[in-house]
Amino acid sequence: MATTARITRDDLEAKLREMSGGVEETVEAVRPKLISAAAAGVVLAVLVSYLLGRRRGRARSAVIEIRKV
């Protein structure tokens, strides 16, 4: 039988910090690209809704012709 030492809270915290260090660096590197992509997506969604609303408004509006009698 092998004797094992007890795992302490400090051991767990040290291992989690070691593992999460690489993830935090990756997130920081990708964050500017992610923010710009999200902003571009919002602009695109607003543009598409504007154009679809404009098209629908034109289809619903009646053309009135006024003639003098």
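The values are calculated or read from the model by the stated rules, or taken from the named source; none is laboratory data. The structure presented is a predicted model; accordingly, all values stated were derived computationally and were not measured. Note: ideal-geometry Cβ built from the backbone for every residue, glycine included; neighbour counts use all protein chains shown.
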**Study point:** For Ala62: the one exception among (1) assigned to a helix (DSSP H, G or I); (2) over 34 Å from the mean Cα position of the chain (by Cα)
**Key:** (1)
Check your understanding: Do we have any residue at all in the stretch 19-28 that's over 19 Å from the mean Cα position of the chain (by Cα) and of a type in the set (Val, Ile, Thr)?
Key -> no
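Residues are listed down the side, and each one gets a yes or a no for (1) surrounded by fewer than 10 Cβ atoms within 10 Å (Cβ to Cβ); (2) at pLDDT below 90; (3) touching a Cys at 6+ places or on another chain (Cβ under 6 Å); (4) not aliphatic (A, V, I, L, M):
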{"residue": "Thr4", "(1), (2), (3), (4)": "yes, yes, no, yes"}
{"residue": "Thr8", "(1), (2), (3), (4)": "yes, no, no, yes"}
{"residue": "Asp11", "(1), (2), (3), (4)": "no, no, no, yes"}
{"residue": "Ser20", "(1), (2), (3), (4)": "no, yes, no, yes"}
{"residue": "Ser36", "(1), (2), (3), (4)": "no, no, no, yes"}
{"residue": "Arg58", "(1), (2), (3), (4)": "yes, yes, no, yes"}
{"residue": "Ser61", "(1), (2), (3), (4)": "yes, yes, no, yes"}
{"residue": "Ile64", "(1), (2), (3), (4)": "yes, yes, no, no"}
{"residue": "Lys68", "(1), (2), (3), (4)": "yes, yes, no, yes"}
